[in-house]
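Derivation of every value follows stated rules applied to the coordinates shown; laboratory data play no part. This one's a predicted model, so the numbers in the text were calculated from it and none came from an experiment. Cβ placement follows ideal geometry from the backbone for every residue including glycine, while neighbour counts extend to all protein chains displayed.
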Amino acid sequence: MILAILLVGAVPASGTCDKLAEEYEGASKKLAMSMADGLGDTSAIRKTMRETQDANVLAEAQQTLNLMVAHKCSLPTTTPKGGLYLIPAIECRTARLKQDMGEISSSDEACDMSKWVKTQGD
């Protein structure tokens with residue numbers, strides 16, 4: 001009976017691993033959005049704030065990676081990179097600007113990160 005419990009504990013919960021992998025991949029999407037927000041912005045204060053946010057995103061990615069190790073999940077082979085999702089992030093940023101100018105009613109479709117596709121390889 002005890003052996004069965006130990007064996008069950010050694011198997012990673014695929015739902016947990018899937019969620020953690022999604023969170024880890026989300027770091028690249030957040031970094032891409034930060035890059036897109038920074039295009040054409042010359043404010044040193046906003047640049048510093050974005051850099052702080054990026055550092056926080058990377059710290060969260062490290063915590064997620066630690067949880068993946070603890071749960072014995074398969075690990076990603078790359079680090080989070082904003083360039084992986086830069087085109088969808090720019091499309092989102094453009095949609096938000098158009099929404100602000102009243103050209104479109106919603107930027108939700110372009111900014112739905114769950115639908116973003118990588119624009120460059122690992």
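Here are the numbers for this structure:
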{"item": "Full-stretch length increase - Lys115, Asn66 - with 0.36 nm per residue and alpha-carbon distance subtracted", "result": "15.0 nm"}
{"item": "Spatially close lysines, pair count over the chain: Cα under 20 Å, gap of eight or more or interchain", "result": "18"}
{"item": "Histogram of C-alpha separations across the chain, 10 Å bin width, %", "result": "13, 33, 30, 14, 7, 3, 1"}
{"item": "Region 20-122: GluC sites (Glu not before Pro) in DSSP loop, at most 11 other beta carbons within 10 Å", "result": "Glu103"}
{"item": "Per-residue HN-Hα couplings for region 26-34 [Karplus 6.51, -1.76, 1.60; θ = phi - 60°; Hz; x = Gly/Pro]", "result": "x, 4, 5, 5, 5, 5, 5, 5, 5"}
